[in-house]
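Visitor: Would you mind keeping the following structure in view while I ask a few things?
The values are calculated or read from the model by the stated rules, or taken from the named source; none is laboratory data. Note that the structure is a prediction, hence the values are computed from the model and not measured. A quick note on method: Cβ atoms are made from the backbone with ideal geometry, for glycine too, and the neighbour counts reach across all protein chains shown.
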Amino acid sequence: MPKKGRVFSGARPTGRQHLGNYLGAIQNYIALQDEYHCVYCIVDIHALTTVDTTEDLVQNTYEMALDWLAAGMRPEETIIFVQSQVPEVTELHTYLSMVTPLGKLTDLPTFKEKARMHPHNINYGLVGYPVLQTADIVLYKSNAVPVGMDQAPHLEFARETVRSFNYRYNTNVLIEPQMAATEYPKVLGIDGQQKMSKSLDNHIELAAKPEETTRRVMQMVTDPQRMKRSDPGNPDICNVFSMHKVFSSAEEVSMVNVECRRAGIGCVQCKQLFARNLNQNLEPFRTRRAELAKDPDLVWGVLRDGQKRASAIAQQTMREVREAIGLPKP
Ligand code: SF4
């Protein structure tokens, strides 16, 4: 079947991926490969805006790419690469910054949020983050970007920036990306309160050993009103039940839904069931990951190949961009 166009998406190198990463992004990345030519980028330059140290950057890049491959990314068709290895993006970022009003950047909710979280490090990169993000997307002439509704303002920003650039230089060299609207479920951590995140240590790693996964599952917070085994529970407000709906069979979900409400099943038993199903679901991923990890150069080889293919597109775009601006040819 002919593909619909090119999709771009980037993710920060956060190392070994967790369930939240999988359900919130990776699963969708894999599915999009059937419909689009996909370009997936490990955005290490973006990471520099907030990281305290870069000592884990290389290892985190490796682990994340390994997880992506084990989960089903197909590098023979999909371009997987590291952002800093195609430096044209920084040049395009500079040109785009000239058509971006500063007030627009500082008004973005994500900037305000980041400034609140990193009050002692409000650097220029943090302000210009959406411009670099726009450069990422348009450098690869992407037609679509998979974003959840909460990211819609950023994509609108990118679209406006493209329009400003094209208008300013009377060109149509840059493509306005469309939103490949995606349902991104908010995956809560084992605390049952906050979004699953490594920094909050409330995550369940995809590549963890089954015993470790079970240990983390047994720590999951359930219906807070259910104090004793004999209390009826409410699965509608229980994170374990939300996860059952993703990883357990329809019969088991239905059983938990009924039995929890009449105290027919205890939380320990319910979590044991979920842990078993989760481990079963993750088994093929873990086996594949272990296979791929046997050759340490495999991941770097995929990223090198991705860099070459991404560079070819980027260099062509930049020739067109420089000409559209009217810069002198070398
Ligand atoms: S029995 Fe299961 S669904 Fe019900 S509160 Fe306990 S963990 Fe949650």
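Visitor: Only one of 163, 168 is in contact (Cβ under 8 Å) with a residue 40 or more places away in the chain, over 24 Å from the mean Cα position of the chain (by Cα) and on the phi < 0 side of the Ramachandran plot. Can you tell me which? So that I can check it myself, show each step before the final result.
Guide: On the way: 163 fails: in contact (Cβ under 8 Å) with a residue 40 or more places away in the chain.
Only one candidate qualifies: 168.
Visitor: Now for a separate question. Given 329, 308, 294, which one is at pLDDT below 95 and among the basic types (Lys, Arg)? Don't jump to the end; show me each part of the working.
Guide: Working: 308 fails: at pLDDT below 95; 294 fails: at pLDDT below 95.
Exactly one residue qualifies, and that residue is 329.
Visitor: Could you list all residues from the stretch 229-258 that are of a type in the set (S, T, N, Q), near the ligand (Cβ under 10 Å from one of its atoms) and either closer than 24 Å to residue 280 by Cβ or modelled with pLDDT under 95 (or both)?
Guide: Residues of the stretch 229-258 of a type in the set (S, T, N, Q): 230, 234, 239, 242, 248-249, 254, 257.
Adding the requirement that they be near the ligand (Cβ under 10 Å from one of its atoms) leaves 234, 239, 242, 257.
Of everything in the stretch 229-258, those that are of a type in the set (S, T, N, Q), near the ligand (Cβ under 10 Å from one of its atoms) and either closer than 24 Å to residue 280 by Cβ or modelled with pLDDT under 95 (or both) turn out to be 239, 242, 257.
Visitor: Quick one: would you say residue 273 is of a type in the set (A, V, I, L, M) and touching a Leu at 6+ places or on another chain (Cβ under 9 Å)?
Guide: Numbers: of a type in the set (A, V, I, L, M): yes; touching a Leu at 6+ places or on another chain (Cβ under 9 Å): no.
Here the answer is no, as residue 273 does not meet what is asked.
Visitor: Just give me the residues in the stretch 185-228 being surrounded by 14 or more Cβ atoms within 10 Å (Cβ to Cβ), assigned to a loop (DSSP other than H, G, I, E, B) and aliphatic (A, V, I, L, M), in sequence order.
Guide: 187, 190, 196, 204, 206, 207, 208, 220, 221
Visitor: Restricting to the stretch 87-135, name every residue that is modelled with pLDDT of 90 or more and assigned to a loop (DSSP other than H, G, I, E, B).
Guide: 87, 98, 99, 100, 101
Visitor: All but one of (1) more than 10 Å from the ligand (Cβ to nearest atom); (2) under 22 Å from residue 282 (Cα atoms) hold for residue 163, so report the exception by its number.
Guide: (2)
Visitor: Here are 261, 226, 288: which of them is more than 9 Å from the ligand (Cβ to nearest atom) and either touching a residue at least 40 places away in the same chain (Cβ under 8 Å) or not hydrophobic (A, V, I, L, M, F, W, C) (or both)?
Guide: Being more than 9 Å from the ligand (Cβ to nearest atom) and either touching a residue at least 40 places away in the same chain (Cβ under 8 Å) or not hydrophobic (A, V, I, L, M, F, W, C) (or both) holds for just one of 261, 226, 288, which is 288.
Visitor: Sort out which residues of the stretch 233-251 are buried (at least 17 other Cβ atoms within 10 Å of the Cβ) and either assigned to a helix (DSSP H, G or I) or hydroxyl-bearing (Ser, Thr, Tyr) (or both), and write them in order of number.
Guide: 235, 239, 240, 241, 243, 244, 246, 247, 248 - these are the residues of the stretch 233-251 that are buried (at least 17 other Cβ atoms within 10 Å of the Cβ) and either assigned to a helix (DSSP H, G or I) or hydroxyl-bearing (Ser, Thr, Tyr) (or both).
Visitor: Quick one: residue 324 ticks every box in (1) more than 16 Å from the ligand (Cβ to nearest atom); (2) surrounded by 17 or more Cβ atoms within 10 Å (Cβ to Cβ); (3) within 24 Å of the chain's Cα centre (by Cα); (4) not β-branched (Val, Ile, Thr) bar one, so which box is it?
Guide: (3)
Visitor: Tally time: how many residues in the stretch 26-53 are at pLDDT 90 or above and either more than 16 Å from residue 78 (Cβ to Cβ) or under 11 Å from the mean Cα position of the chain (by Cα) (or both)?
Guide: Just the residues of the stretch 26-53 that are at pLDDT 90 or above, to begin with: 26-48.
Adding the requirement that they be either more than 16 Å from residue 78 (Cβ to Cβ) or under 11 Å from the mean Cα position of the chain (by Cα) (or both) leaves 26-29, 40-48.
Qualifying residue count for the region: 13.
Visitor: Within the stretch 181-207, how many residues are without any contact (Cβ under 8 Å) to a residue 24 or more places away in the chain and either touching a Leu at 6+ places or on another chain (Cβ under 6 Å) or not charged (D, E, K, R) (or both)?
Guide: 4
Visitor: Could I ask something else about it? Got at least one residue in the stretch 20-34 being of a type in the set (Ser, Thr, Tyr) and in a loop (DSSP other than H, G, I, E, B)? Explain how you work it out, then say what you get.
Guide: As a first pass, look at the stretch 20-34 and keep what is of a type in the set (Ser, Thr, Tyr): 22, 29.
When the remaining residues are screened for being in a loop (DSSP other than H, G, I, E, B), the result is none.
Within the stretch 20-34, none of the residues are of a type in the set (Ser, Thr, Tyr) and in a loop (DSSP other than H, G, I, E, B).
Visitor: Let me ask something else. Quick one: would you say residue 59 is within 27 Å of residue 297 (Cβ to Cβ) and either basic (Lys, Arg) or within 18 Å of the chain's Cα centre (by Cα) (or both)? Reasoning before the result, please.
Guide: Details: within 27 Å of residue 297 (Cβ to Cβ): yes; either basic (Lys, Arg) or within 18 Å of the chain's Cα centre (by Cα) (or both): yes.
Yes.
Visitor: Shifting gears a bit: Please go through (1) modelled with pLDDT of 95 or more; (2) out of contact with any Cys (no Cβ under 9 Å at 6 or more places or on another chain); (3) within 14 Å of the ligand (Cβ to nearest atom) for residue 280 and return the number of the only condition it doesn't satisfy.
Guide: Failing condition for residue 280: (3).
Visitor: Answer yes or no as to whether residue 147 is modelled with pLDDT of 90 or more and not in a helix (DSSP H, G or I). Reasoning before the result, please.
Guide: Working: modelled with pLDDT of 90 or more: no; not in a helix (DSSP H, G or I): yes.
No, not satisfied.
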